[in-house]
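Since the structure comes first, as C-alpha cells, the remarks are kept for the end.
The values are calculated or read from the model by the stated rules, or taken from the named source; none is laboratory data. Small disclaimer: the values here were computed from a predicted structure and weren't measured. A quick note on method: Cβ atoms are made from the backbone with ideal geometry, for glycine too, and the neighbour counts reach across all protein chains shown.
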Amino acid sequence: MKAKHQRLTLAILALVALVGAGLLATFALQDQANYFYTPSDIVEKKPVAGKAIRLGGMVEEGSIRHEADGVTVNFIVHDGTAQQPVIYTGITPDLFVEGSGVVADGKLTTDGTFMAESLLAKHDENYIPRELEGIDMTGNMTKTDTLVE
Amino acid sequence: MHAYANPTRFLSLARPLTLWFLVIGLLLVVVGSAFGLFFAPADRLMGDSVRILYIHVPTVWLAMGGWTAIAIASIVQIAWRHPLAAVAARAVAVPGALFTALGLITGSIWARPTWGTWWVWDGRVTSVLVLFFLYLAYIALANASGEKGGVSRVTAIFGIVGAVNIPIINRSVVWWNSLHQKASITVSGSSIDAAFLWPLAINVIGFSLVFGAIVLMRMRGILAETKVEARLKRMAAE
C-alpha cells in the first residue's frame, strides 16, 4: 500500500469512528436533551406536582376557552395518545392557534392541571400561502426523512 | 488532481471564476430576494415574517456546507498532502463563521414573532451555536500555528473532528423534541409551497455562488501573502 493510501485510509477511518462515536453519544442523550415533555411522557413518568417542567404538544381543536378576565386561557395539549389540560395567564404568541404546536413552561398542580408560566408557539414544517388556506394538499405533505434543512 | 497544485495554473482558473461567481451570485440574490420580499405570498400562520426564510435558509445551509468543505479539504490535505487543500480550508473558515452568525441572528429575529422568544436552548439552536464556536476555534487554531498559507496538521485534524457536529445538526430535530420544526425539504419532496420554494431555491444558489466567490478571493489573498513572504525572505538573504 502506498503511503498516501495509508494516510487516506487512516483519515477516513478516523472520521467514521469519530462521527460514529458522536452520533452514539448524542443518541444516548436523547432523553436528557429533549426540549420538552409530551403529554404521554407526563402520563408515563409522572413528574412531581410543583416541579418546574416544560410541556409540548398540539393544541386540541375546539379546546381553547378564554376566561372572563380576558387574559386567562384554558386549553388541552395532546400528542395523539394522551391529553393534558393547561391554564395560562398572559399574552399568547401569534402562532398560538388550535391544531398547532405549543411549548409551555410551568408545573403540574395536584389535580393534574398544568399551570403554564410562559407559552411558546411551535411552527410545523409546512409553509402554505394565505390564499391557499383550507385547500387539502395533504398528499404533498407527509415527510419521513431529512435531506436538507 | 495535483495539476492545480501549481498556484499559477490555479490562479489562471480562479481569477475569471471569482468574477463569474460574484456577478451571477449577486444577480440571483437580488432576483430571489425581490421575489421573496415583494411577490411571494404571506404565510397562512406567520404572515409576512415568513420572508426571513429567504435569508435564513441559505445562510444556515452555507454554515453547514462550509464545515463540510473544511472537513473534505482537511482529509485531502492529510491524505494527499495537496498544498491547495489547506489554503481552501483556511479560506472557508471566516465566511463560514460569518454565515453561521447570520443564520443564528436571522433565526433569532424570526423566532421572536413566531415562537414568542428570541432564544431557546433546544437541540437545533444549540447545535448550530456549537458550530459557530467550532468555526471560531478553527480560525484561532489556524492562526496560532504561525504557518503561512496553509494550516498545520493539528488544524486539519480539528477540521475532521468538528465534522461530527454536522450530522448532529441535521438530526437534532428528529432525535429530540425541539422547538425548531422538522425539515421541510426532504428526499421525498418539499412541504414548502411552490410559491415560497422558487425564490428560496434562487437565493440558495445565489448565496452559494457569492460564498464561492468569497472563498476564491480569500484563497488568492492567502497565496499572494505567501508569495510576498517568500520574496521578502529572498531579498533579505541576498
- request: Those residues that are farther than 13 Å from B:Val215 by Cα and buried (at least 24 other Cβ atoms within 10 Å of the Cβ), I need them from segment B:84-110; list them, please.
  value: B:Thr100, B:Gly103
Answer from B:Ser12, B:Ser49 - the residue that is among the polar types (S, T, N, Q), in a helix (DSSP H, G or I), touching a helix residue (DSSP H, G or I) at 6+ places or on another chain (Cβ under 6 Å) and modelled with pLDDT under 95: B:Ser49
field: Of all residues making up segment A:52-64, the number that are exposed (fewer than 11 other Cβ atoms within 10 Å of the Cβ) and either within 16 Å of A:Gly90 (Cβ to Cβ) or touching a Phe, Trp or Tyr at 6+ places or on another chain (Cβ under 8 Å) (or both)
entry: 0
Residue satisfying condition, being in contact (Cβ under 8 Å) with a residue 24 or more places away in the chain, among the aliphatic types (A, V, I, L, M), surrounded by fewer than 20 Cβ atoms within 10 Å (Cβ to Cβ) and more than 15 Å from B:Val204 (Cβ to Cβ), within set B:Leu11, B:Leu37, B:Leu27: B:Leu11
Strands (runs of 3 or more DSSP E) wholly inside segment A:34-149 containing at least 2 residues that are at pLDDT 80 or above and closer than 30 Å to B:Ile166 by Cα: A:52-59, A:101-108, A:114-122
message: For segment B:165-177: of the residues being over 24 Å from B:Leu197 (Cα atoms) and more than 16 Å from the chain's Cα centre (by Cα), which is modelled with the highest pLDDT?
response: B:Ile168
field: Top-ranked residue of segment B:53-83 - restricted to ones that are modelled with pLDDT of 90 or more and more than 12 Å from chain A (Cβ to nearest Cβ), ranked as surrounded by the fewest Cβ atoms within 10 Å (Cβ to Cβ)
entry: B:Ala69
query: Out of all the residues in segment B:156-173, is one or more out of contact with any Lys or Arg (no Cβ under 6 Å at 6 or more places or on another chain), closer than 22 Å to B:Phe99 by Cα, touching a residue at least 60 places away in the same chain (Cβ under 8 Å) and in a loop (DSSP other than H, G, I, E, B)?
result: yes
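Taking the stated definitions as given, is A:Ala49 surrounded by 17 or more Cβ atoms within 10 Å (Cβ to Cβ) and of a type in the set (Gly, Ala, Ser)?
Numbers: surrounded by 17 or more Cβ atoms within 10 Å (Cβ to Cβ): no; of a type in the set (Gly, Ala, Ser): yes.
No: the conditions fail for A:Ala49.
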- request: Among the candidates B:Val128, B:Val94, B:Val120, single out the residue that is within 30 Å of B:Glu225 (Cα to Cα), aliphatic (A, V, I, L, M) and touching a residue at least 24 places away in the same chain (Cβ under 8 Å).
  value: B:Val94
query: Which one of B:Trp119, B:Trp20 is within 14 Å of another protein chain (Cβ to nearest Cβ) and either part of a helix (DSSP H, G or I) or surrounded by fewer than 22 Cβ atoms within 10 Å (Cβ to Cβ) (or both)?
result: B:Trp119
query: Looking at (1) facing chain A (nearest Cβ under 8 Å); (2) within 16 Å of B:Val57 (Cα to Cα), which is the only condition B:Val164 fails?
result: (2)
query: Quick check: is even one residue across segment B:59-76 out of contact with any helix residue (DSSP H, G or I) (no Cβ under 8 Å at 6 or more places or on another chain) and either in a helix (DSSP H, G or I) or touching a residue at least 24 places away in the same chain (Cβ under 8 Å) (or both)?
result: yes
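Could you check, for segment B:224-238, whether at least one of its residues is surrounded by 20 or more Cβ atoms within 10 Å (Cβ to Cβ), hydrophobic (A, V, I, L, M, F, W, C) and either within 7 Å of chain A (Cβ to nearest Cβ) or part of a helix (DSSP H, G or I) (or both)? Talk me through it step by step, then tell me what you get.
At the first step, the residues of segment B:224-238 found to be surrounded by 20 or more Cβ atoms within 10 Å (Cβ to Cβ) are none.
No, the conditions are met nowhere in segment B:224-238.
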task: Identify all residues within segment B:168-203 that are more than 7 Å from chain A (Cβ to nearest Cβ), closer than 22 Å to A:Asp41 by Cβ and of a type in the set (S, T, N, Q); write none if there are none.
output: B:Ser172
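Residues in segment A:23-38: is at least one surrounded by 11 or more Cβ atoms within 10 Å (Cβ to Cβ), among the polar types (S, T, N, Q) and closer than 22 Å to A:Thr110 by Cα?
yes
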field: Condition check for B:Ala111: at negative phi, facing chain A (nearest Cβ under 10 Å) and part of a helix (DSSP H, G or I)
entry: yes
